[in-house]
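The values are calculated or read from the model by the stated rules, or taken from the named source; none is laboratory data. Note that the structure is predicted; figures quoted are calculated from it, not measured. No Cβ is skipped: glycine too gets one built from the backbone with ideal geometry, and neighbour counts run over all protein chains shown. Quick note on the areas: whole protein, heavy atoms, side chains included, nothing else; ligands and nucleic acids left out. Shrake-Rupley method; radii C 1.70, N 1.55, O 1.52, S 1.80 Å.
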Amino acid sequence: MDGMIRDIRKTPEAKDADRVRLPGEIEWEKRRAALANGIPLPADVRASLQSAAAAVGLAADRLSQ
């Protein structure tokens, strides 16, 4: 498997691509970023979650970004 991955990585990049990626690699990169930085939410979703939290007496201070 390691040899196959090395061979795939040696493949020339597509036009405008920075490198050759394996299936699922982008998702793993996004997962690592989300674990480190949180998941960005649109303002309307944050507001909805804050309202829902307030309705049941929960603090929603971590939704402020």
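Observations, loosely collected:
- Dipole of the chain, positive direction: furthest Cα of 47, 20, 35, with charges on the beta-carbon: 20
- Portion, in percent, of the accessible area of the chain that falls on carbon or sulfur, probe 1.4 Å: 57 percent
- Peptides ranked, highest mean first, by Cβ atoms within 10 Å: ranges 42-53, 14-25: 42-53, 14-25
- Taking Cα atoms only, the orientation of helix 43-55 departs from the longest principal axis of the chain by about 40 degrees.
- Along its three principal directions, the equivalent ellipsoid of the chain from the Cα gyration tensor extends over semi-axes of 41, 13, 8 Å, largest first.
- Under a model in which nothing but the beta-carbon of Lys, Arg (+1) and Asp, Glu (-1) is charged, the chain shows a dipole of about 100 debye around its Cα centre.
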